[in-house]
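The values are calculated or read from the model by the stated rules, or taken from the named source; none is laboratory data. These figures come from a predicted structure and were not determined experimentally. All Cβ positions, even for glycine, are placed from backbone atoms using ideal geometry, and neighbour counts span all protein chains on display.
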Amino acid sequence: MAVTREPVRPHAGLCDSCAWQRVVVSGRGSAFSLCRRAAADPRFPKYPALPVRACAGHEAEAAVPADDDPPGA
Ligand code: SF4
């Protein structure tokens, strides 16, 4: 019998309230917190160490449209 599991969302600290976060789910069902700022700004790691407690790039979710990738992404 196949068991379907929802991916466990990572506890990413500040990233969880940031417009630049994208949760990526692998084919094996693991979930990762990706920082979309990393595509255009090397100060930000693509996959920051979690939980993020302080970040100069944090913006509230309403600040950046959800479907809008940063320039250069
Ligand atoms: S900008 Fe900072 S707080 Fe926002 S997703 Fe990237 S690492 Fe997380």
- prompt: Where residues in region 23-63 are at pLDDT 95 or above and among the hydroxyl-bearing types (Ser, Thr, Tyr), which of them is nearest to the ligand (Cβ to nearest atom)?
  reply: 33
Output for region 40-62, where each listed residue is outside any loop (DSSP other than H, G, I, E, B) and farther than 9 Å from residue 14 by Cβ: 60, 61, 62
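Do we find a residue being assigned to a loop (DSSP other than H, G, I, E, B) and crowded, with 17+ Cβ neighbours inside 10 Å anywhere in region 20-36? Give the derivation first.
Going through region 20-36, the residues assigned to a loop (DSSP other than H, G, I, E, B) turn out to be 20, 26-30.
Those still in the list that are crowded, with 17+ Cβ neighbours inside 10 Å too: 20.
Yes, the conditions are met somewhere in region 20-36.
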